[in-house]
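Report on one structure; see the data block that follows.
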Amino acid sequence: MSTTPVYFAGIDIGSTASKTVVLKDGKIEDYFVLPTGWNGRETANAILEQLKTRGYADAMRCVATGYGRICVDYADKIVTEITCHGKGGWAIFKKNMTIIDVGGQDTKMIKVIDGQVADFLMNDKCAAGTGKFIEVMATRLGADLNEMYEMAAHGQPLAISAMCTVFAESEVISHIGSGEKREDIAAGVIHSVASRVANLAARFGLEENIVLTGGLCESPYFIQTLSDKIGHPVETDAFARYAGALGAALTAAKRRDLE
Amino acid sequence: MLNLPANFETYAEARKAGFMKMKEIKDNGGRIVGVYCSFVPQELLMAANAAAAPLCASSDEPIPAAETKLPRNLCPLIKASYGFALTDTCPYFYFSDFIVGETTCDGKRKMFELMNELKETYVMQLPHSRDEAALRSWTGEVIRLKEKLEDFYHITITEDQIRDAIRLKNHERRAMLGFLELGKLNPAPISGYEMGTRLDGLGFNFDLEERIAIIEERTKEVLADWEANYKGKESTRPRILITGCPNSGVRDKIIKTVEELGADVVAFDCCNGTREKVEPVDENMPIYDALAKKYLNINCSVMSPNNSRMQYIDEMIDEYQVDGVIEIILQACHTYNIESHYVKQTVTNKGKSYLMIETDYSQADKGQILTRLEAFLETLEK
């Protein structure tokens, strides 16, 4: 990697999925996603293999971000997911906004003004209001995430009132036990997460534009529910899932201290 | 600037050295009064020729024991204070003749009732506002503490003794403040980690004259080093002001981490920073009025309203050329937590960045705090 870099890779190792974006001449050259699995270092190696196979690794500069960023030992620099989501979000949406990132491990609110992160808030002490909550409940309902979103869209939300994931799981089990429909339970789970996220957003204070990044932006049902609870439309973008990785790649392309 | 001097005494070392001094005082028939908070007028203890022992309150070790009697959802400082007393693991508590508490929050107020079962705990009733009635009542409390000391030790405390104590304590305040104000220099001449550790550590030295000499010497040394080696050399490291709750119990987790990540902690608006040092006791007023006025003006969040704290933070941001403010909230400290609303407003109105971290003494949230601090410093990159 000693030659002048042509490719700028951003690697976002999330708790559930690892996203990679490669830039060349300021344009997106390639992107891919891999499951993170239990070993961040193995995931980082699998990504490097991909980057080699696809022919970027020999002339590449790379910035790692996300929960498992320190596992990417070949990264030239590590930057937090807050900064990367801010930069990537700015590149995708090109306006002042509040970014809501519902991840597998935590939920973040990031205020972006003129391309810079102006303020942020994280919920990372509790699984309620994060993708983890949906994952746990999906497992309980014997569904994968896509099936979960699909089911929820066809259900009438049941109330899930427990704040704690562990207790909410017992609540879901008792719903199952009393013969409630899976669709209704799934809808209840999505509503519960959306409520928590909306509460956090109200506390944080929102900009005129609200956008959603992270894995949950692939569920139209979640976006609709969240918009309803916030009382303001929430936008997203097909590429929003890659916002963190894109921000990292942009950082790699720009950083003077990496020259 | 996280280079610590070769002879740097850690907090633990200073605390340990204090044990021996304390035992010596006790063996020679000396008087020792245990205190927790900067609201207790130390001049009265000095006038009674009693050492003020800073009681242990900043480790999570005794917290499980404390939680056998206290609720879990309580500030770690209160739980640790009580836990150390309950498990008899704080030598300062052990050697104290009695304890002086104060009503700086509801948690402490009620905890002191339980503590009183372990050792006599005398509580000063601190009013929570600064109007005339509050000042009158607090003046009464200051006099009541003097009388308590006289009763307890069967002594008479004279006005002259109190005046001498006021002069000496004011000198010590000036010396400490002078040391902390080194943080106004740019580039920062000394790490915030060292400043905080030294100040807390000196609390374990019961000879005020010696305390003053040590800190004045170190101030001179740092200043000379700065003049010779750093003056005029601009630094790009962001300059941080720490505010909020007492931070001794999270100094490694937060302050050290901030400096390791490439910022300089230059200013401390907290009980173990400049907060108690900025206003001396007026040496020309009647003594009890002077003491009451000075101590009631401490910018603790228990005061309502507490606008003077916002004013002070506003001034500090300018004087210390601060780029970002990190507020440390100890879990379940309602007054600082709620007041953080105004602190954030004050800071962001000046166009500066603000981060609030709510934490306790455990290591459980180390990773999350690291991410927050890193992200915050990334927003400050120049």
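Only the coordinates and a few stated rules stand behind these numbers; no lab work does. Please read these numbers as outputs of a predicted model, since none were measured by experiment. For neighbour counting, all protein chains shown are included, and Cβ atoms are generated from backbone atoms with ideal geometry for every residue, glycine included.
Computed values, structure above
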{"read-out": "DSSP-assigned coil residues among chymotrypsin sites (Phe, Trp or Tyr not before Pro) in region A:98-164, each with at most 13 further Cβ atoms within 10 Å", "value": "none"}
{"read-out": "P(r) of chain A over all Cα-Cα pairs, binned every 10 Å from zero, in whole percent", "value": "8, 31, 32, 20, 7, 1, 0"}
{"read-out": "Alpha carbon centroid spacing (whole Å) that separates region B:161-179 from region B:211-268", "value": "23 Å"}
{"read-out": "Rounded Å value of the spacing that divides the Cα centres of region B:97-136 and region B:41-77", "value": "12 Å"}
{"read-out": "Calculated log₁₀ intensity ratio I(q)/I(0) where the Debye formula runs over C-alpha points of chain B, q = 0.07, 0.11, 0.12, 0.13 Å⁻¹", "value": "-0.30, -0.78, -0.94, -1.12"}
{"read-out": "Sequence ranges B:140-152, B:294-306, ranked by mean other-Cβ count within 10 angstrom, highest first", "value": "B:294-306, B:140-152"}
{"read-out": "Inter-part distance where region A:109-180 and region B:335-382 are each reduced to a Cα centre, Å", "value": "27 Å"}
{"read-out": "Loop-located trypsin sites (Lys or Arg not before Pro) in region B:193-277, at most 13 other Cβ atoms within 10 Å (DSSP)", "value": "B:Lys231, B:Lys233"}
{"read-out": "Distance violations [Cα-Cα > 25 Å] among B:Lys79/B:Lys350; A:Lys111/A:Lys132; B:Lys253/B:Lys293; B:Lys119/B:Lys366; B:Lys26/B:Lys69", "value": "B:Lys79/B:Lys350; B:Lys253/B:Lys293; B:Lys119/B:Lys366; B:Lys26/B:Lys69"}
{"read-out": "Fraction of antiparallel bridges per DSSP, region B:11-157 only, in percent to nearest 5", "value": "0 percent"}
{"read-out": "Crossing angle, helix A:220-230 versus chain A [Cα axis fit, 0-90 degrees, rounded to tens]", "value": "70 degrees"}
{"read-out": "Separation of the A:Ala159 and A:Gln224 label points, Cα + 7 Å toward Cβ, nm", "value": "2.4 nm"}
{"read-out": "Peptide ranges A:8-18, A:34-44, B:175-185 listed from the most packed, as the mean C-beta count within 10 angstrom indicates", "value": "A:8-18, B:175-185, A:34-44"}
{"read-out": "Most to least packed among B:8-14, A:179-185 [average Cβ atoms within 10 Å]", "value": "A:179-185, B:8-14"}
{"read-out": "Chain B, relative contact order [Cα under 8 Å, separation at least 6], %", "value": "19 percent"}
{"read-out": "Rg ratio (alpha-carbon, reference 2.2 N^0.38 Å) - the protein assembly as shown", "value": "1.09"}
{"read-out": "Relative contact order %, chain A, counting alpha carbon pairs below 8 Å whose residues are six or more apart", "value": "24 percent"}
{"read-out": "Percent antiparallel among DSSP beta bridges (both partners in chain A, rounded to 5)", "value": "70 percent"}
{"read-out": "Qualifying trypsin sites (Lys or Arg not before Pro) for region B:36-97 [loop in DSSP, other Cβ within 10 Å: at most 14]", "value": "B:Lys69, B:Arg72"}
{"read-out": "Note, ³J(HN,Hα) from phi for region B:58-72, Karplus 6.51, -1.76, 1.60, rounded to Hz, x at Gly and Pro", "value": "10, 9, 8, 3, x, 5, x, 5, 4, 6, 6, 10, 9, x, 5"}
{"read-out": "Rounded to 10°, Cα long-axis angle of helix A:243-254 versus longest principal axis of chain A", "value": "20 degrees"}
{"read-out": "Average Cα contact separation per residue, region B:254-321, under 8 Å, 6 or more apart, as relative contact order %", "value": "24 percent"}
{"read-out": "Percent of beta bridges antiparallel (DSSP, the protein assembly as shown, rounded to nearest 5)", "value": "40 percent"}
{"read-out": "Exercise: per-residue mean of other protein chain Cβ atoms within 10 Å, B:369-380", "value": "6"}
{"read-out": "Test item: A:109-121 mean partner chain Cβ contacts at 10 Å", "value": "2"}
{"read-out": "B:Asp225 paired with B:Leu261, simple spin-label distance in nm, labels 7 Å along Cα-to-beta-carbon", "value": "2.5 nm"}
{"read-out": "For A:Ala17, residues with placed amide H under 5 Å, excluding near neighbours", "value": "A:Thr36"}
{"read-out": "Chain B: calculated mean residue ellipticity at 222 nm from DSSP helix runs of at least 4, using -39500 (n - 2.57)", "value": "-15500 deg cm²/dmol"}
{"read-out": "Charge dipole (debye, nearest 20) of the protein assembly as shown; +1 at Cβ of Lys and Arg, -1 at Cβ of Asp and Glu", "value": "480 debye"}
{"read-out": "Cα convex hull of region B:11-157, projected area averaged across orientations, nm²", "value": "9.1 nm²"}
{"read-out": "Degrees, to the nearest 10: B:132-153 long Cα axis against longest axis of chain B", "value": "60 degrees"}
{"read-out": "Average partner coverage of A:72-82, which counts Cβ from other chains inside 10 Å", "value": "2"}
